[in-house]
Structure formats: structure tokens, C-alpha cells
Amino acid sequence: MPTILYIHGWRLFFYANEGNEPPHIHARKGDTECKYWLQPDSFDIIEDYAYNLSQAQRRDIRKIIFDNFDGLVSEYERLHKKGV
């Protein structure tokens, strides 16, 4: 489960064994965790799930993902091609 970015206490990462899922990112901070689908064609994200996430944390992680969107998509594609 490679860590892609660690910022403001958030760890953004991918799981290595998720098969052929579309681009996405997992994020964890303390006892919260969430997963967002990355939609490169429309520069958008969709929340897949959120555990124990407050509205303020939801805004925080969404901003972090959007601020780093291109890098996250690129890293997902690079690791996916390598089979990680």
C-alpha cells in the first residue's frame, strides 16, 4: 500500500491488490478513512466511502485531493502499469 502523499496529517495511498478499479485514492487521518474516485476527464472526484469523517475533514481532504489531482492521477497510472 504505497503512500503517495502525506500532508496536514492525511496519508493518501493506494492498495496494491485492488484489481482493475478505475483511478482512486484512499486517505486516512487518525481514526478516519475515506476513498475517492478520481475522474481525470472531468477533473472531478466522487466519494466512494467515508468512515468517521466530519464535514470539516471532508472539505479538507477534498481540497487536498483537488490541489494535488494531476499528481495523484499520474502516480495511480504509473503504479497501475507497474502492477503495484
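For residues in the range 43-77 being free of Cβ contacts under 8 Å to residues at least 60 places away in the same chain and under 12 Å from residue 14 (Cα atoms), which is surrounded by the most Cβ atoms within 10 Å (Cβ to Cβ)?
The selected residue is 73.
Return the total of residues in the range 37-68 being among the aromatic types (Phe, Trp, Tyr) and closer than 15 Å to residue 3 by Cα.
Of the residues in the range 37-68, 0 are among the aromatic types (Phe, Trp, Tyr) and closer than 15 Å to residue 3 by Cα.
Are there any pairs, at least 6 apart or on different chains, whose C-beta atoms fall under 9 Å, with the first in the range 19-39 and farther than 19 Å from residue 74 by Cβ and the second of a type in the set (Asp, Glu), and if so, which?
29/60; 34/47; 34/48
Every read-out reported here was derived from the displayed coordinates using simple, explicitly stated rules and does not represent laboratory data. The model shown is predicted, which means the values in this text are computed figures rather than measured ones. A quick note on method: Cβ atoms are made from the backbone with ideal geometry, for glycine too, and the neighbour counts reach across all protein chains shown.
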